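Derivation of every value follows stated rules applied to the coordinates shown; laboratory data play no part. These numbers come from a predicted model, not from an experiment. Backbone-built Cβ (ideal geometry, glycine too); neighbour counts: all protein chains shown.
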Amino acid sequence: MRYVFGILLGLHGLIHLMGFVSAFFSTTIEKQVLGISKPIGALWLVTFILFIISVAQFLDGKKWFYVAFIAVLLSQILIILAWKDAKLGTIANIIIVLVSISAYGMHRFHKMVKNESAELFQNIESKNPSVIVKDDIKHLPEIVQRWLIQSGVVDHQNIVSVRLKQKGKMRTKPNSKWMPFTADQYFNVTNASFVWTTDVEAMLIVPMVGRDKLVNGKGAMLIKLAGLFPVVNESDNENINQGAMLRYLAEVCWFPSAAISGNITWETIDETSAKAILTINEKSVSGRFNFNKNGTIASFEANRYHGGNDDAQLEKWVIVNSEYRPFNGVIIPNKSKVIWKLKEGEFHWLTLEIIDIEYNISTIY
């Protein structure tokens, strides 16, 4: 659809050359068509140039919509002046305006998330972090020690910040269509916080964006259609805070040295599982990590509120890992699926893959 819109933008711009040509050159176009006088013809040329600039900026990923707004305004004035012959151009202008408004909304949304992500990394000292040794993990349950040794974090630098990229698919209901997504995520491990942002291919034309975050023990979830219309906007309530903290706890599998952070404590359950408790600002959540015998994390499960509304119920929330690979010397689960085990049945709503992860780089992508 991106290239279809680019072609529409370009062709609509090219049509405006007709007004310029009819005013300045001898053509077979009747004088009443588009440009009657040379000043008006010059405006048709200016509009053409503005549309071409918009196309170039659009294809280059720059902020094309500002120029497009001006181009559409001029275009529509000229169309009104030549309404009989040019009125169909209004349809193209309406499409361009709607897409431009959406692009502007997406730009504002991503700018907000970039600012939040940059704030997350403020005051992090990520240079020359300490190196983890075996004495640092000896107080942990045996299976957790095996995980940390197997993952490669022993004799590795302590991880204080993380940035990563994901891809995958999600859906909102058990029988609904899978929607592809890409996402960036940033973690401040020192303060147990994160910002996650995603672009979802929700509909053929209308994009959907989302942001999930945890800062100072408070969660926030925002989902917008076209970057403009909130579908979900929940923050700082018991359900959202608990869910965001549980998400952080589950995702320490991607930066295993967080297991020895002062805000996470561990209890042995059995030979292949352990309970982890995350505490932030005197609020705690807990979940169960299940391990394979070699020490890799097989799954994580916890009771989490299914939704952010006041009437949301605690349901079993499970993350199942299917593949593992090393990133920067640390072996982590890189492919997982997320499942709600609801009373009416199992709801597999998310499948994700880590495609890139970097540690102790305190800047955003």
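Overview of results
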| quantity | calculated |
| --- | --- |
| DSSP-assigned coil residues among GluC sites (Glu not before Pro) in the range 66-160, each with at most 12 further Cβ atoms within 10 Å | Glu125 |
| Peptide ranges 84-95, 236-247, 186-197 listed from the most packed, as the mean C-beta count within 10 angstrom indicates | 186-197, 236-247, 84-95 |
| Hz values of 3J(HN,Hα) by residue in the range 178-184 - Karplus curve (6.51, -1.76, 1.60), Gly and Pro given as x | 6, 10, x, 8, 10, 8, 10 |
| 3J(HN,Hα) from dihedral phi, the range 186-194, Karplus parametrisation 6.51/-1.76/1.60, rounded to Hz, x for glycine, proline | 10, 10, 9, 6, 4, 10, 6, 9, 7 |
| Amide H within-cut-off set for Ile332, under 5 Å, with H built and near neighbours excluded | Arg325, Phe327 |
| Integer Hz, Karplus 6.51/-1.76/1.60 couplings in order for the range 206-221, x for Gly and Pro | 8, x, 10, 10, x, 9, 10, 8, 9, 9, 6, x, 10, x, 7, 10 |
| Matching label, semi-axes √(5λ) of the Cα gyration tensor in Å computed from the structure shown, candidates [x] 35, 23, 19; [y] 51, 29, 18; [z] 54, 21, 17 | [z] |
| Binned Cα-Cα distances of the range 118-168, short to long, each 5 Å bin given as a whole percent | 4, 16, 21, 17, 16, 16, 8, 1 |
| Net charge, Thr268 excluded, C-beta distance under 9 Å - Lys, Arg +1, Asp, Glu -1 | -3 |
| Exposure proxy order (Cβ contacts within 10 Å, fewest to most) of Arg163, Arg171 | Arg171, Arg163 |
| Alpha-carbon Rg with Dmax, taken over the range 155-266, Å | 15.4, 49 |
| Neighbour cut-off at most 13 other Cβ (10 Å), DSSP loop, trypsin sites (Lys or Arg not before Pro), the range 286-347 | Lys293, Lys343 |
